[in-house]
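Single-structure report; data block below.
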Amino acid sequence: MEQRSTAGSLRGGHGRCSGLQSSMQLLSKGIMKMKAKPSLKAIVIVFVLGGALCGSAAAGDVTGIWNLNCAACHGKDGKGQTMMGRKLGIKDLTDGTVQASFTDDQASKAIKEGVTDNGQTKMKAFAEKISDDDIKALVAHVRSLKPAP
């Protein structure tokens, strides 16, 4: 089962982490009842909490999501000048003309469903991997790549 990244999943208590806070509280109480040195208890809690955060791309960090899922083709800067980006003919997302050529809804759909051209996959679908909130954040991130006039 693939993990979905969710923006604010720990803060908002929604998505796949809806019961995470209460589970973590119960686990913490159990750890604190352990007959162990306080420093060992602290180490255990840090590892448990660290593992919970790793599954959500630092709990909604759009830059982390971009770097993990998009930068290999689009580049960290959005220019598409990576080996894969050049191979696929990816457009420069920092170019205002390119930005004007699609709507936010079209960008969201492309992220969710992927992009094909003449039966060839140009971009894989991310609907099962990235939450709707994080897709919206990615679209906003793409829009922020365009330099101010």
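Descriptive notes on the structure:
- Legend: distances between Cα atoms for 76/124; 91/124; 91/129; 79/146; 87/129; 109/136; pairs beyond 20 Å are 91/129; 87/129.
- Per-residue Karplus couplings for region 135-146, computed as 6.51 cos²θ - 1.76 cosθ + 1.60 with θ equal to phi - 60°, are listed in order as 5, 4, 5, 5, 4, 4, 5, 4, 4, 6, 6, 6 Hz, Gly and Pro entered as x.
- Interchain or long-range residues, amide H under 5 Å from residue 130's placed H: 5
- Shown here are the Rg and Dmax of the Cα trace of region 62-144, at 11.8, 31 Å.
- Difference of contour (0.36 nm per residue) and Cα-Cα distance, residue 115 to residue 97: 4.5 nm
No value in this document is a laboratory result; all are computed from the given coordinates. The model shown is predicted, which means the values in this text are computed figures rather than measured ones.
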